[in-house]
1. Given the pairs Lys361/Lys547; Lys22/Lys233; Lys27/Lys64, which span a C-alpha to C-alpha distance of over 29 angstrom in this model?
2. Using Cα pairs under 8 angstrom and six or more residues apart, how large is the relative contact order of the chain, in percent?
3. By what distance, in whole Å, do the Cα atoms of the range 185-301 stretch along each of the three principal axes, largest value first?
4. With the Cα gyration tensor of the range 377-491 giving a ≥ b ≥ c as the square roots of its eigenvalues, does the rule (a/c under 1.5 for rounded; else a/b larger than b/c for prolate; else oblate) give rounded, prolate or oblate?
5. Any chance you could look up the accessible area of Tyr201 with a 1.4 Å probe, heavy atoms only, rounded to 10 Å²?
6. Among the helices of the chain (complete DSSP H runs), which have Cα atoms covering no less than 20 Å along the helix axis and a Kyte-Doolittle mean of at least 0.5?
7. Could you pull out every residue, at least 5 positions away or on a different chain, whose amide H is within less than 5 Å of the one on Ser296? Hs are placed 1.01 Å off N in the peptide plane, and Pro or chain starts have none.
8. Using the basic label-point model (7 angstrom from Cα toward the beta carbon), what is the Glu40 to Glu447 distance in nanometres?
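The values are calculated or read from the model by the stated rules, or taken from the named source; none is laboratory data. Note that the coordinates shown come from a computational prediction; the quantities given were computed from them, not determined experimentally. Counting neighbours? That spans all protein chains shown, and the Cβs are built from the backbone with ideal geometry, glycine included. All accessible areas refer to the heavy atoms of the entire protein, side chains included, with ligands and DNA or RNA removed. Shrake-Rupley method; radii C 1.70, N 1.55, O 1.52, S 1.80 Å.
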Amino acid sequence: MNAISNPQTINIETLLPWSEAKEVNTKAGRRNLRKATPDENFWKLWNNADSKAALKSAGISLGKAWKDETKWDAAWWMPISKEQVEKEKANVESSRASDADFNVPAPDGVVFMPFQRAGVKFLNDHNNFLLSDEQGLGKTPQAIGAINCDTSIKKVLIVVPNSLKINWARELARFLNRPMKVEVFDSKHFNPNAEIGIINYESLLKHTFPTDYDMILWDEGQYLQSAKSKRTKASFALKARRKGILTGTPMSNRPANLWPLLHILDPKAWPSFWKYAMKFCDAKNNGFGWDFTGASNIEELNRVIRSTLMCRRLKKDVLKELPPKRRQIIELPSNGSSAAVKAEMDQYNERMALIESLLAKVELAKVGENQEEYAQALDSLKEAQQMMFDQMAKARHDVGIQKLPYAIEHIKNSIEEGGKIVVFAHHLDVIKAIAAEFHGCAVVTGETSNKTYLENGKETSDRMKEADRFQKDPKCLVFIGNDAAGVGLTLTAASQMAIVEMAWTPGNLAQKEDRIHRITQVNPVLIQYLVIEGSVDALMAEKLVWKLNVIDSALDKVFAAKEINEPVVASKSVTVTQQELSSVPEFSAEQKAALKSCLKIVSCMDSDYAAARNDIGFSGCDTKIGHSLAEQAWPLTNKQCVLARKIVIKYWKQLPPDLYKSATGKESKMQD
């Protein structure tokens, strides 16, 4: 039957080669729009009154082509289907989800929080994604979780600020559940065949990148908010099967900032800044040119990106799932700092022989029966540690100066992502250099008077006024202090802290942390320790953070009460806690004899041979403890057995399996 005489037979779907549907807003509401160039058959239908009415009734319209007004476009306006609405709603809900019944592969001992599981599921469901969780919610682990989930990912490039390259390598070592080799690159060194390559933004301009990446990740994606910058243009050119951008501030000031990120992730959906700007940037011609600094249709923009590629959760939405305080070690690259770091490490190594000898005396006295001897050993260790700190002051200061550019970059990133931040350093010139970068910041050092006086009928001091200004002034985003600001001040306007230069006693650090982790704090707290790769601080930070976490978790109240201010030694030597000694088991005579035999075997080996055997090495402190316990003429006490058993378990590879089992009650791993 003739289509013109009976317009009801028109098949719209096959009438023209329609483009893919694109959602648009109209006066009548949301519609899916498909376009095509009219052909001869279409014009015959359009020029017939009956078939034209049928076409219009089906949602067909005709108009001049946007780019060439000498041509015509046929438009098919289709209603949004119920299925599409439901799918969009589900996607938006998943972009805000705080939990998910979803298994994230992870190494033993690593547990993803419920909202992180939901985040990884979102990333797993989207080929390209914008992970925009608020600062401190763990975007890096979630991105690594997505790599764990997708076993088809064999080759990854990760683009980060220079100061985060080492931190990403550490996080991959912790969270990655697949045997993929991680390599860190710079402007001179690059391997295009690396399984997982980490590179900084500036180095994107120095290399030619392959096109066979399975995934590319950009961290701190706010670095890409200018479409004209060289690093953004370089990112436009990168090719991968999957792409992801991580940033807590995808749109720092205005919608125009967001377009480069969207274009990187999905250039087909977001091809033109002009069209984007006309719709979402309230674009206007002010007589001197086009102004794209405005904002329009923001609710629609949020709905579209949430339903297609953005996952964003706020701290307040997942507060119950977060621990009250999180600590993170940020390891900075040693670029340009190697001489200062080496000088510091050389001094440290020279003094560690005495420290380890005293540490051994502390451990031996701890498991002895003479508490006075233990107290004296502890005092000697504290004195030696303080002497080391004093003698190394210049070397530590030099490293602090070298750390400044990275610390300033880190603070700027934190402000962009998370609002206010508290910064602690030690040396005045380091503090002043940081303060010079942040106009209007609050500063409290020993030079800030703590003398109280009356002002407007209330007692105050210069230090309190600086703290109050930070608490109340929305323009004051940074507070910088040293030990003078470590007690007595409330700084809960911030929930993030950066320790640029740290003390070596947990008590000192705990006092600083408590400036933001106290009554009136309503948000989870993130404490970040900034250390340079290979420095003494890098050695100390891991031990300090572990000790502070033990104190916070209240696993060892005796430890927390008595040893919070003991100096920390960055040693891998065996130690026992007061909690372990508060409930000591009874060791049999046979077990005591076996433990001593094990110690004799281990003590007869030199440190080089031990290192070759077990990849740990026999530390100087362990040597002294092992020899002392092995050589005593009388049987080990139960307390000494607790310490001896720890040493035996540590050096299990050097021991016969049967003797190891007799000493510890455990099967040797050699028999596994």
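1. Values: Lys361/Lys547 20 Å; Lys22/Lys233 26 Å; Lys27/Lys64 20 Å.
Violating the 29 Å limit, Cα to Cα: no pairs.
2. Working: 1085 pairs, mean separation 64.2, N = 672.
Value for the chain: 10 percent.
3. 49, 27, 24
4. In terms of gyration-tensor shape, oblate.
5. Solvent-accessible area, nearest 10 Å²: 0 Å².
6. Details: long enough: 338-366 (39 Å, -0.03); 371-391 (30 Å, -1.02); 393-418 (34 Å, -0.64); 536-553 (26 Å, 0.58); 589-603 (21 Å, 0.26).
For the chain, where a helix must reach 20 Å along its axis and average at least 0.5, the hits are 536-553.
7. Residues meeting the amide H criterion: Cys281, Asp282.
8. In this crude label model, Glu40 to Glu447 measures out at 8.8 nm.
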